[in-house]
Amino acid sequence: MKNLSKWIYLIGIASTFSCSQPDPIVGTSEITKWPEDKKGAISVTYDDGIINQFTIAKPIMDSLNLPATFYIITGKVPGSGKGKFIGRDPQEIIAETREFKTDSSNFFERASLIAFTGTTEAEDYHARVGSMFESGRVEEAYELLDEGYEKLRNGKMVNTGEVIFHNNEEDTTTWEQYKSYAAQGHEIASHTVTHPRLAVLDEVNMLYELEQSKADLQKFIGEESIFSAEGPYGTENERVMEYAYEIYPALRNRMPESWLEEINRGSDVVPGESQKEYVQWQRGILTRHSFEDMKSWIDTTLNHDNIWLVLVIHGVENLGWEPKTKEQLEEYFSFMKSKENELWIETFRDVTKYIRARKNTEVESSMEKDQINIVLNSTLDPEIYSVPLTIKTYIPNEWNQAFANGQESLPIQEDSKGKYVLSHISLGESSAIITH
């Protein structure tokens, strides 16, 4: 009987000890992959600053409260720095083309000048030369440039009227309008001054295209418009990227992060096969793409937890390259809006800021008495990386309510690990207290 009493006593002690041990998950925190712990992200981006993007596409997105990124050609906007050739006397360069063929010693200077010799055909030569050069057909690029300069010397260049997104007379958007669009939550960002083939510009002309565009955006709109940029034609040229990343923190062309897989517009790589933490999956919306094609991109994003779908649009209605109609955009954006509870739809700038901040920030969390203390430690500038991070914090099972900093009521949720709440902390704030 004494032995039985002893065993009951020991079991009671063990039970009491076991019940008193805190759950190790309680009080821990993590930064969610996407805000509000959503499944993925979408950024809708437009290139070239075509007026129909603002008079037709933007109102559709505004009606659905969807933000967009507009990469504009700043030289088209009244009051901006205009396109120009910087360098030696053009007539001297043109005269030299009669005596010396194009080679590596003079290629960049000549390719920079030809677009500014006065005709749309000359501008087209610049674009085609750039395309050849970037595809590795360097000798053909030299020959095509010589052909163009021969036409120039002989007075055979003509205005073809075919380059509609560089010099479209209907593109009358002002800086005042662009500033108001930015105030509405859209991103207005750089697509250079004149939309050149940056890869074939010499240093001084490339820097002008990148820096003057940035200067005008900063002057007329502000700091939020100089975070991201897009080099024309989706260039991924290494030399261009090196210069551009000295000027802009982020480029849609390329984001050289070890934790991010980039699948650009021309690639057929399947995003779901990537093992990286993030996948930036760019898709160009073209005339041949049906609603089902475009819908499938969103479905794919929903079926994984690491995809950032970046959509690229040029023409709208009857203006621009590969235009989509108003009805097609209305249908697609409405479908996108219906998935907003599961997908984060935000500008290219703000998605970049969130994922880069998450990857460069550590969260410390501890349970003390009746509160959970959260502290963020980051290597990034909080003035630039200002998008709040979503913090997932596990709370005691007995809590039936929770508050952030004693004010904001936080909905209590539950997963396989236990009860948790989602709070939002910016790098500038750096800390929060969860209580009940």
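The values are calculated or read from the model by the stated rules, or taken from the named source; none is laboratory data. Nothing here was measured: the structure is a model prediction, and the numbers come from that model. Neighbour counts are summed over all protein chains in view; Cβ atoms, including those assigned to glycine, are modelled from backbone coordinates with ideal geometry. Only protein heavy atoms, including side chains, enter the accessible area calculation; ligands, DNA and RNA are left aside. Shrake-Rupley method; radii C 1.70, N 1.55, O 1.52, S 1.80 Å.
For the reader, a short list of remarks on this structure follows.
- Euclidean distance of C-alpha centroids, the range 21-83 and the range 302-320, integer Å: 11 Å
- Magnitude of the charge dipole, the range 336-382, Cβ model with Lys/Arg +1 and Asp/Glu -1, debye to 20: 280 debye
- Paramagnetic reach from Asn377 in the range 396-436 [backbone N under 20 Å; point 7 Å along Cα→Cβ]: 425-434
- Listed values (1) 177; (2) 200; (3) 137, entry calculated as volume of the Cα convex hull per residue in Å³: (1)
- For the residue pairs Lys84/Lys179; Lys219/Lys359; Lys58/Lys326, alpha carbon separations beyond 20 Å are given by Lys84/Lys179; Lys219/Lys359.
- Using alpha-carbon coordinates, inclination of helix 2-20 to the longest axis of the chain, degrees: 30 degrees
- Peptides ranked, highest mean first, by Cβ atoms within 10 Å: ranges 276-284, 315-323: 276-284, 315-323
- Summing charges over all other residues whose Cβ lies under 12 Å from the Cβ of Leu286, with Lys and Arg as +1 and Asp and Glu as -1, gives +2.
- Rounded FRET efficiency, nearest 0.05, which uses the C-beta distance separating Gln407 from Ser431 and R0 of 22 Å: 0.95
- Net charge contributed by nearby residues that have their C-beta within less than 10 Å of Thr325 (K/R +1, D/E -1): -2
- Within straight-line reach of Lys101, meaning a Cα separation under 19 Å, sit the following aspartates and glutamates at least 8 residues removed in sequence or on another chain: Asp89, Glu92, Glu109, Glu139, Glu140, Glu143, Asp146, Glu147, Glu150, Asp202.
- Oblate is the label for the range 309-366. Its Cα gyration tensor axes, ordered a ≥ b ≥ c, give a/c of at least 1.5 and b/c at or above a/b.
- Tensor-based shape of the range 249-322 (alpha-carbon gyration tensor, a/c under 1.5 rounded, otherwise prolate or oblate): oblate
- The chain: most fluctuating residue of Asp124, Asp293, Asp268 per GNM, C-alpha cutoff 10 Å: Asp268
- Cα gyration tensor, the range 137-256 - rounded (a/c under 1.5), prolate or oblate: oblate
- Annotation: aspartates and glutamates with alpha-carbon distance below 18 angstrom to Lys417 (same-chain offsets under eight excluded): Asp23, Glu30, Glu36, Asp37, Glu398.
- Net charge, Thr235 excluded, C-beta distance under 13 Å - Lys, Arg +1, Asp, Glu -1: -2
- The accessible surface of the chain, taken with every protein chain in place and a 1.4 Å probe, is 48 percent carbon and sulfur.
- Pairs of Cα atoms nearer than 8 Å and 6+ residues apart set the relative contact order; for the range 310-436 it is 21 percent.
- The simple Förster model, with R0 at 22 Å and r as the Cβ-Cβ distance, assigns Ser180 and Asn65 a FRET efficiency of 0.85.
- Dipole moment magnitude, nearest 20 debye, the range 306-436 about Cα centre, only Lys, Arg, Asp, Glu C-beta charged: 220 debye
- Accessible surface calculations at 1.4 Å, restricted to protein heavy atoms, place the chain at 47 Å² per residue.
- With a simple spin-label model that places each label point 7 Å from the Cα along the Cα-to-Cβ direction, the separation between Lys82 and Glu238 comes to 3.8 nm.
- Averaging Cα coordinates gives a centre for the range 327-355 and one for the range 389-409; these two points are 28 Å apart.
- Angstrom value of the Kirkwood radius, inverse mean 1/r, which spans all Cα pairs in the range 277-436: 18.5 Å
- Orientation-averaged projection of the range 29-93 equals 9.2 nm² [convex hull of Cα atoms, one quarter of hull surface area].
- Helix 203-220 and the longest principal axis of the C-alpha atoms of the chain enclose an angle of approximately 60°.
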